[in-house]
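Structure first, commentary second.
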Amino acid sequence: MVSSSPEVPENLSDPVALLQALIACPSVTPEEGGALDLLEAALRRLGFAVERIRFSEQGTPDVENLVATIGEGGPHLMFAGHTDVVPPGDADTWRHPPFSGVIDDGLLYGRGAVDMKGGVAAFVSAIARLRETGWPDAGRVTLLITGDEEGPGINGTDKVLGWCESRGMAFDAALVGEPTNVDRLGDMAKVGRRGSLSGTLGIFGRQGHAAYPHRAQNPMPAMLAIAQALTGSPLDQGSKGFQPSNLEIVSVDTGNRAFNVIPGRVELRFNVRFNDTWTSDSLKDELLRRIHAATPEGIRTEIGWERPAEAFFTRDERLAQTLCDAVAGVTGQRPELSTAGGSSDARFVQKYCPVIEFGLVGDTMHQVDERVPVADVETLTEIYRRFVSAVLTGGEGERAAGC
């Protein structure tokens, strides 16, 4: 591999040093930026077998991914994460350079500190600590790290999981290290995610002069009626474990800047976050029904759907209990088991095995001055260490009063 990444820290059980090195890699999607090179070198030193896989698809950037496995037999635990980050924006607006990993007053600054190089560093260091204290008699851990989570999500986790399946790799459980906590470390884990469906609706009338409306057909009144039909009545009342689905109109555009022209077309864009009352297909049917019922005669509509992701709920109480025990044993706090928030790569993982998500506090992710308390990185590492030990020993590792 190209030696473009920072030097691998000498002490891999120190998650802060590893996180600083990862942040120094400018791995803005889809660039690898040296982050996977660094991670590969660290994991090989710990005894992992590492493979790098690049996927391509027309119209999307090529993406590098990493799969690394240690141990033998079962249980087989997967850790899914990503080293790609969103762009930092104007670096001059940051307190410290976005790829510096500076520690200031107990806070570690840098793009990806929270989302989610911090989770990756904590998990690797947790494995390093288990290696130092004695690996369980049986059990495997596989890291599945993508460079496409913050991008289109096409050449990353979804394809890597298919690649693993084609090689006979089966997983008993998975942990996704996305930032899940709201206010403090230990307050929330994710046991599911709402689905997401986006639509772009074209509403077509007939362009004309604003002084002669009888010679045109204005699509704007139709747009207003359709918007009311989409949002005027609830999609559902929620379900067990999920809040009610919500549809948000995010854009309305005619492309028309003239005051004396009736537009011939208006584009309405919307996004739906939906619970397990629906599938993306059944939701599409309901939205089309509402659109067609509200569309006046003489108006034509066309719709395009983008990036549907299904809602899911992890109905694995043992996995949730194991994580809760690890969190409570370190923080003394019982995490809420939630399905709130946006989507993550857990939507792909859940097709292959039970999955739970737990990571850092997400209050600064994607922001200028993204940062994490150094103490939280250490705490998360210890939670991960306890969790991995318990999974690999069938729950016979360190336990605490449960959740």
| Hey, any hits in the stretch 134-146 for a residue that's at pLDDT 95 or above, part of a helix (DSSP H, G or I), hydroxyl-bearing (S, T, Y) and surrounded by 24 or more Cβ atoms within 10 Å (Cβ to Cβ)? | no
| Does E165 fit the bill of being at negative phi, outside any loop (DSSP other than H, G, I, E, B) and in contact with a Ser or Thr (Cβ under 9 Å, 6 or more places away or on another chain)? | no
| request: May I ask you to list pairs of residues, at least six apart or on different chains, whose Cβ atoms are under 7 Å apart, with the first in the stretch 380-392 being closer than 14 Å to E178 by Cα and assigned by TED's automatic domain parsing to the domain that holds C324 and the second being aromatic (F, W, Y) and crowded, with 24+ Cβ neighbours inside 10 Å? | output: Y384/F123
| request: Kindly establish whether R44 is more than 23 Å from D115 (Cβ to Cβ), surrounded by fewer than 22 Cβ atoms within 10 Å (Cβ to Cβ), modelled with pLDDT of 95 or more and among the basic types (K, R). | output: yes
| request: Quick one: which residue in G151, G156, G177, G139 is touching a Gly at 6+ places or on another chain (Cβ under 6 Å) and closer than 27 Å to R273 by Cβ? | output: G177
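Evaluate the following for D183: is it surrounded by 14 or more Cβ atoms within 10 Å (Cβ to Cβ) and of a type in the set (D, E)? Lay out the reasoning, then the answer.
Values: surrounded by 14 or more Cβ atoms within 10 Å (Cβ to Cβ): no; of a type in the set (D, E): yes.
Answer is no for this residue.
Of all residues in the stretch 173-189, which are part of a loop (DSSP other than H, G, I, E, B) and under 17 Å from D345 (Cα atoms)?
G177, E178, P179, T180
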| Pairs, please: C-beta under 7 Å, at least 6 apart or cross-chain, first residue in the same structural domain as A24 (by TED's automatic domain parsing) and in the stretch 39-57, second small (G, A, S) and in a helix (DSSP H, G or I)? | L46/A128
| Filtered residue count, the stretch 355-378, keeping only those that are under 14 Å from Q20 (Cα atoms) and part of a loop (DSSP other than H, G, I, E, B) | 1
| said: Can you find a residue that is part of a loop (DSSP other than H, G, I, E, B) and farther than 24 Å from D187 by Cα anywhere in the stretch 306-315? | reply: yes
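What residue, of E297, E302, is part of a loop (DSSP other than H, G, I, E, B) and either at positive phi or not basic (K, R) (or both)? Before the answer, list the steps.
On the way: E302 fails: part of a loop (DSSP other than H, G, I, E, B).
After applying the criteria, what remains is E297.
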| What do you reckon, is S233 within 36 Å of the chain's Cα centre (by Cα), surrounded by fewer than 18 Cβ atoms within 10 Å (Cβ to Cβ) and small (G, A, S)? | yes
| remark: Of those in the stretch 338-368 that are touching a helix residue (DSSP H, G or I) at 6+ places or on another chain (Cβ under 8 Å) and either at positive phi or β-branched (V, I, T) (or both), the residue surrounded by the most Cβ atoms within 10 Å (Cβ to Cβ) is V355
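Would you point out which residue out of V16, V114, V8 is surrounded by fewer than 23 Cβ atoms within 10 Å (Cβ to Cβ), in a loop (DSSP other than H, G, I, E, B) and β-branched (V, I, T)? Before the answer, list the steps.
Numbers: V16 fails: in a loop (DSSP other than H, G, I, E, B); V114 fails: surrounded by fewer than 23 Cβ atoms within 10 Å (Cβ to Cβ).
Only one candidate passes the filter, namely V8.
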| Of everything in the stretch 236-255 that's more than 26 Å from the chain's Cα centre (by Cα) and surrounded by 14 or more Cβ atoms within 10 Å (Cβ to Cβ), which residue is nearest to T339 (Cα to Cα)? | V252
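Can you tell which of D172, D187, D148 is farther than 30 Å from R371 by Cβ and among the acidic types (D, E)? Write out each step before concluding.
Details: D187 fails: farther than 30 Å from R371 by Cβ; D148 fails: farther than 30 Å from R371 by Cβ.
After ruling out the rest, the residue left standing is D172.
The values are calculated or read from the model by the stated rules, or taken from the named source; none is laboratory data. What you are looking at is a predicted structure, and each value in this text was computed from that prediction instead of being measured. With ideal geometry, Cβ positions are generated from the backbone for all residues, glycine too; neighbour counts draw on all protein chains shown.
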